[in-house]
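A short write-up of the structure that comes next.
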Number of protein chains: 2
Amino acid sequence: MEIDRTVVRQDKPLLAALGGAAIWPPPVWLMRQAGRYLPEYRAIRAGAADFIALCTSPDLAAEVTLQPIRRFGFDAAILFSDILMLPWALGHGLAFREGEGPVLPPLRDAAGLARLDPSRLTGAITPILETVRRARAGLAAEGFDRTALIGFAGAPFTVACYMIEGGGSKDFAATRTLAYADPALFGALIDLLTEATIAYLAAQVAAGAEAVMLFDSWAGVLAPDLFRAHVVAPLRRIVATLKTRFPAVPVIGFPRMAGMMLGVCARDTGVDGLGVDTAADLAVAAALVPARVALQGNLDPLALAVGGPALARGVETVLRAGRGRPFVFNLGHGVVPHTPPEHVAELVRRVRAAG
Amino acid sequence: MEIDRTVVRQDKPLLAALGGAAIWPPPVWLMRQAGRYLPEYRAIRAGAADFIALCTSPDLAAEVTLQPIRRFGFDAAILFSDILMLPWALGHGLAFREGEGPVLPPLRDAAGLARLDPSRLTGAITPILETVRRARAGLAAEGFDRTALIGFAGAPFTVACYMIEGGGSKDFAATRTLAYADPALFGALIDLLTEATIAYLAAQVAAGAEAVMLFDSWAGVLAPDLFRAHVVAPLRRIVATLKTRFPAVPVIGFPRMAGMMLGVCARDTGVDGLGVDTAADLAVAAALVPARVALQGNLDPLALAVGGPALARGVETVLRAGRGRPFVFNLGHGVVPHTPPEHVAELVRRVRAAG
């Protein structure tokens with residue numbers, strides 16, 4: 001069955017908010033809502049050979065995608081995967097080492113760029129698309145009629161960061177150095193990733209994703225000129241291209257730590273929604289960003305982990321700032337592993353009780 | 001000789017700019033202008049037992065303070081020291097391990113707070129104040145009549161970050177967790193550090209510092225409520241108290257990665273100048289910050305390290321945004337160790353040639 005993507009499903013609160021409606025109480029979901037803080041996730045994870053095996057096993061990945069929906073009834077499920085599955089699908093080496101995070105061969109020259117193979121993409125992402133299909137079907141089968149399925153990718157700059165550094169970094173100095181020292185190579189890498197990201201997200205939508213999100217976790221390390229070139233411009237291109245094929249599928253950008261660049265992202269990219277990170281003042285962001293762009297955020301994940309008055313006050317502050325405009329309640333960054341699941345339940349309860 | 005601190009020395013470009021004058025070409029100095037990228041620094045450093053010994057040897061520390069002035073003729077010299085010399089002076093353990101950064105005993109409870117001993121401060125900072133005196137005298141003796149001497153401290157929040165984590169961190173999660181979980185303890189630590197910082201900076205001014213700067217390197221990790229409580233409020237208190245004693249001595253705040261909170265810092269703290277980090281759009285910052293507050297920044301240190309077109313274009317962009325208002329040319333973060341000194345010379349040449 002081909003899904004009709006020309007109409008907005010206003011019966012799903014997330015899609016309505018991203019379509020411009022000031023739904024109240026706002027739809028709610030959390031970044032990394034599927035993950036290590038959930039015992040049922042740890043049980044599945046323990047049965048997979050490694051993290052990549054988990055991401056490429058549609059039955060397991062779809063199950064993990066659905067777990068937090070069953071527990072908390074979120075308004076969105078998000079495909080369980082990792083932003084580095086895209087370079088993996090392009091043939092770039094990838095391993096996840098316990099407690100160390102991702103490890104990749106550092107890409108710092110034209111030979112490294114030439115080794116990426118876009119022709120591998122379609123084949124390599126097959127299991128991930130199957131996860132999307134199963135998760136979407138699972139939501140329907142289990143009666144989660146109001147829960148939308150979000151597909152996602154890393155934004156080209158953040159994916160490039162990991163590829164160039166060979167893993168995480170404090171300040172991504174090698175990445176920024178390459179951007180200054182060899183702008184042509186850096187630009188070619190961003191271009192290649194941008195095209196691959198478009199193909200990857202389009203395939204997710206065709207498989208059943210009802211909205212897509214682009215995670216640009218390290219956008220905040222860039223000086224403004226580089227930010228415009230490697231965060232804003234690729235996002236604009238991704239949105240424009242996806243919109244020609246799927247005009248009704250909303251795109252959420254998340255340029256983390258964009259700070260005062262958030263306004264540019266709202267004005268110049270065409271996104272339907274913008275993720276707002278923990279450090280941003282949501283009230284200031286709401287004033288910077290036109291009301292046609294939904295905001296999504298931004299409770300501190302550590303306030304959620306601590307709970308008690310910090311959680312109550314944090315939820316209150318976010319609700320106050322998000323009220324009266326298209327808004328999606330979320331964290332400002334992902335759920336941290338030591339978060340007690342009952343704090344998440346309390347968060348959802350508080351959001352849904354918003355008067 | 002007691003120095004008269006009630007008049008602004010308008011013959012020093014840095015002080016004139018911080019006093020509200022739109023000097024052009026702008027005064028220029030660089031964060032970490034004294035340091036490992038200079039061979040003459042490495043020679044001195046090799047002769048000191050360790051980094052703390054260097055910071056507490058007035059002859060060596062004053063010499064290191066003056067080295068970049070002799071080489072580049074900067075408009076400011078900044079006391080050579082470290083922001084963690086304040087907790088050290090309060091009796092908190094501190095060691096610098098090669099390639100690892102600072103190591104401190106983590107402070108996470110009331111007992112840790114109780115072990116801090118403000119009565120040690122005056123005695124412990126004696127050698128640092130002697131460095132200030134010698135550096136000031138050295139500038140005069142060597143004919144650097146237009147170069148102002150800046151004293152500095154870490155801002156309370158950033159100093160607290162290192163004390164609570166026990167060193168550096170990717171996201172200072174333990175610090176933010178403590179701020180949520182035990183606001184009373186956290187607030188008491190910030191209060192103690194605020195008072196100690198005031199005493200420390202006042203002593204530096206009395207010893208000859210002509211301006212002071214507060215480095216809040218990790219301000220950007222805080223959610224807005226915590227930012228207002230632990231970045232904005234302490235800075236306001238420090239400025240207000242220093243101004244009662246030294247009304248003509250300018251105070252520069254540097255809430256790094258403040259993003260959209262920069263406007264609040266400009267409006268609500270009373271600072272004379274604000275450091276702007278690399279990620280901020282200086283033109284946007286200039287629109288956010290009233291012209292009575294000088295801006296200081298914000299070339300990417302990596303553009304300086306790479307040199308060539310990246311340096312030329314970067315200097316040009318910063319100059320364009322800083323023009324027509326009180327402005328001090330600087331980097332957006334410290335000079336990195338692999339920076340070729342000739343790039344610094346080129347930077348100074350380009351700034352001084354600004355038409």
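Report, by residue number, each residue of segment A:331-346 that is open to solvent by less than 10 Å² (accessible area, probe 1.4 Å) and more than 14 Å from chain B (Cβ to nearest Cβ). Of everything in segment A:331-346, just one residue is open to solvent by less than 10 Å² (accessible area, probe 1.4 Å) and more than 14 Å from chain B (Cβ to nearest Cβ), namely A:V344.
Of the candidates B:A199, B:A140, the single residue that is over 18 Å from B:A89 (Cβ atoms) and either touching a Leu at 6+ places or on another chain (Cβ under 7 Å) or open to solvent by 40 Å² or more (accessible area, probe 1.4 Å) (or both) is B:A140. Among the residues of segment B:165-184, write down those that are assigned to a helix (DSSP H, G or I) and more than 18 Å from A:T278 (Cβ to Cβ). Answer for segment B:165-184, where residues must be assigned to a helix (DSSP H, G or I) and more than 18 Å from A:T278 (Cβ to Cβ): just B:A184. Only one entry in A:A321, A:A258, A:A305 is in contact with a His (Cβ under 7 Å, 6 or more places away or on another chain) and touching a residue at least 24 places away in the same chain (Cβ under 8 Å), namely A:A305. Annotation: of all residues in segment A:315-355 being small (G, A, S) and touching a Phe, Trp or Tyr at 6+ places or on another chain (Cβ under 8 Å), the one that is farthest from A:Q67 (Cα to Cα) is A:G322. Taking segment A:282-300 as the range and being of a type outside the set (G, A, S) and without any contact (Cβ under 8 Å) to a residue 40 or more places away in the chain as the test, the residues that pass are A:V284, A:L288, A:V289, A:P290, A:V293, A:L295, A:N298, A:D300.
Here is the figure for segment A:210-234: residues that are away from every other protein chain (no Cβ under 11 Å), open to solvent by 10 Å² or more (accessible area, probe 1.4 Å) and among the aliphatic types (A, V, I, L, M) total 2. Every test in (1) in a helix (DSSP H, G or I); (2) in contact (Cβ under 8 Å) with a residue 24 or more places away in the chain; (3) open to solvent by 10 Å² or more (accessible area, probe 1.4 Å) is passed by B:T131 save one, and that test is (3). Cβ separations smaller than 6 Å between residues 6+ apart or across chains give the following pairs from segment A:146-166 residues that are among the polar types (S, T, N, Q) to residues that are in a helix (DSSP H, G or I): A:T147/A:I69; A:T147/A:L139. If the condition is being within 8 Å of another protein chain (Cβ to nearest Cβ) and surrounded by fewer than 23 Cβ atoms within 10 Å (Cβ to Cβ), then segment A:169-181 contributes A:K170, A:A173, A:T177, A:A181.
The values are calculated or read from the model by the stated rules, or taken from the named source; none is laboratory data. What you see is a predicted model, and the numbers here were worked out from it, not measured in a lab. Don't worry about glycine lacking a Cβ; one is built from the backbone with ideal geometry, like all the others, and counts go over all protein chains shown. These area figures cover heavy atoms from the full protein model, side chains too; ligands, DNA and RNA do not enter into them. Shrake-Rupley method; radii C 1.70, N 1.55, O 1.52, S 1.80 Å.
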